[in-house]
Amino acid sequence: MSEEKQDFLRRWSRLKQEAAKPVVAEKPLVELPPLDSLTFESDFKAFLHSKVEETVKRAALKKLFADPRFNVMDGLDTYIDDYTKADPFPEGLLARIEEVRDKLLAPPAAPEQEDEEEETPAQAEQEQKAPEEAQRNVDRAQDPKAV
């Protein structure tokens, strides 16, 4: 083999061996406080750094969001109720519904003989005057026959 190929292979082998060596974990930039000592007022920025282990980061955030201040319901939670439970009818509603149903679906009452009596002369006169009064109250500008 040529000298160049040997140099290349040695260099490649050396780099491969160095990459296989266990990497010593780097210490975080800032010393993290113990998770038990964290409160709502604690600074959680150090836990959000990319070099912090994911399990430690999640544990810190879990501790933060366990605070009751994050469990306050807001007015936008419209659809959180259990709508599968039926609301009971208020007292007396069913009786009122049946009463209205009976009135609406009942057969018409037989006409009474009193209603069939002839009209009085005053009623007949009033019925004749009604169309005449309607004619007088019509606006001539809106009457198509007046044009």
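The values are calculated or read from the model by the stated rules, or taken from the named source; none is laboratory data. Since we're looking at a predicted model, the values are computed, not measured. No Cβ is skipped: glycine too gets one built from the backbone with ideal geometry, and neighbour counts run over all protein chains shown.
Structure notes:
- The lone exception for residue 29 - which of (1) in a loop (DSSP other than H, G, I, E, B); (2) modelled with pLDDT of 90 or more it fails: (2)
- For the stretch 66-94, a residue qualifies if it is surrounded by 10 or more Cβ atoms within 10 Å (Cβ to Cβ) and of a type outside the set (Asp, Glu), and the qualifying residues are 66, 89, 93, 94.
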